[in-house]
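First comes the structure, then the notes that go with it.
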Amino acid sequence: MLSSPFGISFFSPQFFGHFSTVHTIRLRRPWLRSVDSQPPPDKVDVPDTLPPAAGGGAVVTYRRAFNRPTGLTPNDSVCLSIAHFTADSIEIRINDTLIYQSDRTEPIRLDMTAALRPSNQLAITLTAGECPTTVLDGAVTLEIESIDP
């Protein structure tokens, strides 16, 4: 695997006679974190290492703007990957459109190519029911997969 100083890593495994290239863009900062919709939001990095002081039942939303990756071709797909979070449920919205909702706490990988606009707003909402902390404590990345015919 090769990596650049800009947080982009890539590799080129061959499968089924085609080459697949994956470029990973880490969405580290800046994120805005709000707890129970109370202003003002905090500026945080993700993975978030300082969980908010929120009790059970808290709703914590992480927001981040990003641009559509340039140079995409019809053979490319853009997936959102979330390595880890601590919460009882999660909702993911891109440009105010709900694209994922679950009460499972496993890593997430979603193809969001069709939902992308030139400028995008990502919102990840975590809800604590019984969970004592609610935090986005894993890496959040965009994975651009290109399959060369």
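Bear in mind that the values in this text are calculations on the coordinates, not laboratory data. Keep in mind the model is a prediction, meaning the values are calculated, not measured. Reconstructed Cβ throughout: ideal geometry from the backbone, glycine too, with neighbour counts over all protein chains shown.
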Of L122, I108, P52, which is farthest along the charge dipole of region 28-139 in the positive direction, counting Lys and Arg as +1 and Asp and Glu as -1 at C-beta?
L122
Any idea what the relative contact order of region 28-139 is, in percent, if you count C-alpha pairs under 8 Å spaced at least 6 apart?
36 percent
Which of the peptides 130-136, 34-40 is most tightly packed, and how do the rest follow, going by the mean number of other Cβ atoms within 10 Å of each residue?
130-136, 34-40
Run a plain Debye calculation on region 28-139 (Cα atoms as equal point scatterers, no solvent) and give log10 I(q)/I(0) at q = 0.17 Å⁻¹, rounded to two decimals, same order as the q list.
-0.80
